[in-house]
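All of the numbers you see were taken from the coordinates with simple rules; none came from a lab. From a predicted model like this one, the values you see are computed outputs, not experimental measurements. When we count neighbours, we look across all protein chains shown, and the Cβ atoms used for this are built from the backbone with ideal geometry, even at glycine.
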Amino acid sequence: MLSAAVRRSARSARHCSSYVKQTRFLFELKEKDDTCRQALKSGSYYLFHNLSPLVRKSGSIFYAPAISGPDLLQVLSSCEKDKFNLEDSVLVGCLDSSVAQFALDLGTFEKSTLEQEFSGRFTDLRKAVVKIDGEDGSLLIRGQSLLRWHDSHQYCSKSGKPTQKNVSGSKRVCHSNGLIYYPHMSPVVITLLSSRNRCLLAHQESFPAGMYSALAGYCEIGETLEETVRREVAEEVGLVVDTIRYSGSQHWPFPSSSLMLSCQATVKDEELNINRTEIEDARWFTLEEVIKALQVNMMPSQLSDGTLPVWLPPKFAIAHQLIQEWVQEQKAVHGS
């Protein structure tokens, strides 16, 4: 009989083999137009209408339907040919069965007709990702980001001439000078400051009323992650960072593609000097206050005294994960 260690190793090898197979297949689809063009026919499609994804509801569960290529073609077969081309889609992933997954925007079609045909509703992405968990949400985020990037990069910044999308959507080429453009993300650092048993949360003017979050800012050219953390903290709340620890990352599609790099940081001095041009308010919160805020629903109603309770970013946001990480660490330290 095989030992437990051998069985675990075999399972790990199978997982690794499956992952490598998927990765190599995706690479081939990105690099070879003919291969990707063939995959379009049997692929599955996440549909958008002017960058809003199609969402269905089953009971209390929301999900993004993956429409098969044949079903998509059948529904849209009666439409004008110049309105619809499968090659307008972008590659967003693939299944274990080597079925390619694409995102396609059908903004030139009548929205209500599409919703009736595909038994769903086109929903703002911010609302959709709050309702949808798991891989569907990630695919929608990736799809919208790529579709938006292609829409805003149709011309070469050097020659001014039109660029051409490859079939998978992994790049655009200016054939007048050979320049290749790849989809990009802007790095953003998001930092949860703490001192002793409190953490710092801030409210920006662009936030919904009552919502507080960690400090965040774009990395500037030439900066390291650590330098951005120190600069943003000094700029926004006038504190000097003592220690920095990297926590994790997340692609963030709002308002355009960013790579959120999350950090936990500590400071020794707690006296705030808030830069009101950057943020409206910043406060130190105790563990009990943060736990209470985590229990408040998004967009809460006013309290009896007319004020709004403090609430925190939704679960899919890396800011929420960063705050939860701090809470768990505090509980471990203080045994609560």
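The phi-based Karplus calculation (6.51 cos²θ - 1.76 cosθ + 1.60; θ = phi - 60°) puts the 3J(HN,Hα) values of segment 57-72 at 10, 10, x, 9, 9, 9, 8, 9, x, 9, 8, 5, x, x, 5, 5 Hz, whole numbers, x for Gly and Pro. Counting 0.36 nm for each residue step from residue 24 to residue 226 and taking away their Cα separation leaves a gain of 69.3 nm. In a reduced charge model with +1 at each Lys and Arg Cβ and -1 at each Asp and Glu Cβ, the chain shows a dipole moment near 1280 debye about its Cα centre. Using a/c under 1.5 as the rounded threshold, could you call segment 186-334 rounded, prolate or oblate? The axes a ≥ b ≥ c are square roots of the C-alpha gyration tensor eigenvalues, and prolate needs a/b larger than b/c, oblate otherwise. Rounded, because the longest to shortest axis ratio a/c is under 1.5. Only helices enter this figure: runs of n ≥ 4 DSSP H residues, each worth -39500 (n - 2.57), summed and divided by the residues of the chain, yield -11000 deg cm²/dmol at 222 nm to the nearest 500.
For segment 17-152, build the charge dipole from Cβ charges (+1 Lys, Arg; -1 Asp, Glu) around the Cα centre, then report which of 59, 122, 143 sits farthest towards its positive end. Of the options given, the answer is 59. Phi angles of segment 245-250 translate, via the Karplus equation with coefficients 6.51, -1.76, 1.60 and θ = phi - 60°, into HN-Hα couplings of 9, 5, 10, x, 9, 7 Hz per residue; Gly and Pro are given as x. When a/c reaches 1.5 or more, the comparison of a/b and b/c decides; with that in mind, is segment 17-152 rounded, prolate or oblate per its Cα gyration tensor? It comes out oblate by the Cα gyration axes.
What is the chain by shape, rounded, prolate or oblate, if you read a ≥ b ≥ c off the alpha carbon gyration tensor as root eigenvalues and call it rounded for a/c under 1.5, prolate for a/b larger than b/c, and oblate otherwise? The shape class here is prolate. 3J(HN,Hα) couplings calculated from phi for segment 215-221 with the Karplus curve 6.51 cos²θ - 1.76 cosθ + 1.60 (θ = phi - 60°) are, in sequence order, 6, 8, x, 6, 6, 9, 4 Hz; Gly and Pro show x. In a fully extended conformation the segment linking residue 17 and residue 111 would gain 29.7 nm over its present Cα-Cα distance, using 0.36 nm per residue.
For residue 258, the residues 5 or more places off, or on other chains, whose built amide H falls under 5 Å of its own are 186, 252. Modelled spin-label separation between residue 205 and residue 33, with each label point placed 7 Å from Cα along the Cα-to-Cβ direction: 4.7 nm.
Would you mind checking the tilt of helix 225-237 against the longest principal axis of the Cα atoms of the chain, expressed as 0 to 90 degrees and rounded to 10? That works out to roughly 60 degrees. What residues from segment 107-121 fall in the zone where the backbone N is under 11 Å from a label point 7 Å along the Cα-to-C-beta line of residue 85? In segment 107-121, the label zone of residue 85 (backbone N under 11 Å from the point 7 Å along Cα→Cβ) covers no residue. For helix 135-152, report the angle its Cα long axis makes with the longest principal axis of the Cα atoms of the chain; keep it between 0 and 90° and round to the nearest 10°. Once rounded, the angle reads 70 degrees. Comparing Cα centroids, segment 170-239 and segment 21-67 end up 29 angstrom apart. Modelled spin-label separation between residue 320 and residue 57, with each label point placed 7 Å from Cα along the Cα-to-Cβ direction: 1.9 nm. Near residue 122, the amide H atoms lying under 5 Å from its own belong to 55; only residues 5 or more places off or on other chains count, and H is placed 1.01 Å from N.
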